[in-house]
Amino acid sequence: MTHLKELPFSALQFYATAPYPCSYLPARQARSQVATPNHLINADVYGELVRAGFRRSGVFTYRPHCDGCRACVPMRVPVARFEPNRSQRRAARTHAGLRTLVARLGFSPEHYQLYLDYQASRHAGGGMDQDSREQYAQFLLQSKVNTRLVEFREADGTLRMVSIIDILDDGLSSVYTFYDPDQRRASYGTYNVLWQIEQTRALKLPHVYLGYWIGQSDKMAYKAQFAPHELLLDGRWQRPAPSAG
């Protein structure tokens, strides 16, 4: 575990939340460690926090701090060494015609409707499928760091996917992605990560941070397919053992 006193966070405070139901592993309770105050977490500080295993949800910066569980492991992809596998190359070919627009954060009714459709299809009953406009905006459209919204559209203008990414001094951090759930044979999520890897290479930055890998969760285990990758283990970024993905 990284010792926060060793990092340049002397002005920050860290507190643990009360237990709440885990979103990824059934019948488990989760807790988070939250960094405050929010107004002191600028782009430079946030980059250091990400390297220490933190993520953000809106303006809240956190990392898992669960009692007796270490299932959530921060993951990043060193883009210079990344090699797509066969299914990833197929996804790249399938969706090569998507047009991208990189923009600043802002509300769009079209984005919001796609978000609701995605939540209702992929995460029904999780609560987010009923998010109001305000909840959606708090989750994805509030940021104290260098954040971009990326649209992915067909040539005819049909919106297929929206991705929120943070730009760090050593790479891109994937915040959240949602896409058209009705295209059952599509591989939008895979294509999105591949796009982020290529953008990071174009920016001549070393890493894409993919959030948390959870080997016991079908929703999160797929990240291990982006290889080679590194996990934050015992406070150090390192290649995992073969059994870890």
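The values are calculated or read from the model by the stated rules, or taken from the named source; none is laboratory data. This one's a predicted model, so the numbers in the text were calculated from it and none came from an experiment. So basically every Cβ, Gly included, is an ideal-geometry build from the backbone, and we count neighbours across all protein chains shown. We work out accessible area using only protein heavy atoms, side chains counted, and drop any ligands, DNA or RNA first. Shrake-Rupley method; radii C 1.70, N 1.55, O 1.52, S 1.80 Å.
Counting only Cα atoms, I'd like the Rg/Rh figure for region 48-95, Kirkwood definition for Rh.
Rounded to two decimals, Rg/Rh equals 1.14.
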Helix-only estimate, please: 222 nm mean residue ellipticity of the chain, summing -39500 (n - 2.57) across DSSP H runs of length 4 or more and dividing by its residues, to the nearest 500. -7000 deg cm²/dmol
For a distance above 19 Å, tell me the whole-number percent of Cα pairs in region 78-208 that qualify. 52
Give the cysteines in the chain for which no other Cys Cβ lies under 4.7 Å away, or write none if there are none. CYS22, CYS72
Could you order the peptides 110-119, 36-45 from most to least packed, using the average number of other C-beta atoms within 10 Å per residue? 110-119, 36-45
Under Karplus coefficients 6.51, -1.76 and 1.60, residue-wise ³J(HN,Hα) of region 94-104 in Hz, glycine/proline x: 4, 10, 4, x, 5, 9, 10, 10, 9, 9, 6
Rg in Å to one decimal, and Dmax rounded to a whole Å, for region 143-245 via C-alpha atoms: 14.8, 48
Going by amide H atoms built from the backbone, whose H comes under 5 Å of the H on ALA227, apart from near neighbours? GLU83
Expressed as a whole-number percentage, the relative contact order of the chain with C-alpha contacts under 8 angstrom and at least six residues apart is 25
For region 54-59, take each phi angle, set θ = phi - 60°, evaluate the Karplus expression 6.51 cos²θ - 1.76 cosθ + 1.60, and give the result in whole Hz per residue in order, putting x for glycine and proline. 8, 9, 9, 10, x, 8
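Carbon-plus-sulfur fraction of the accessible area of the chain, 1.4 Å probe, in percent? Show your work: numbers first, answer last.
Working: 6250 of 12740 Å².
That share works out to 49 percent.
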Output wanted: per-residue J couplings in Hz (rounded whole) for region 199-207, from phi through Karplus 6.51 cos²θ - 1.76 cosθ + 1.60, θ = phi - 60°, x for Gly and Pro. 5, 5, 4, 4, 7, 6, 10, x, 9
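If you count only protein heavy atoms with a 1.4 Å probe, what accessible area per residue comes out for region 101-245, rounded to a whole Å²?
48
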Intensity falloff of region 8-76 expressed as log10 I(q)/I(0), Debye formula with alpha-carbon point scatterers, at q = 0.14, 0.17, 0.28 Å⁻¹: -0.44, -0.63, -1.34
Amide H within-cut-off set for VAL175, under 5 Å, with H built and near neighbours excluded: ILE164, ILE165, ASP166
Dividing the mean separation of Cα pairs under 8 Å (6+ apart) by the residue count of region 20-100 yields a relative contact order in percent of 26
So how much accessible area does GLU151 have, in Å² to the nearest 10, using a 1.4 Å probe? 30
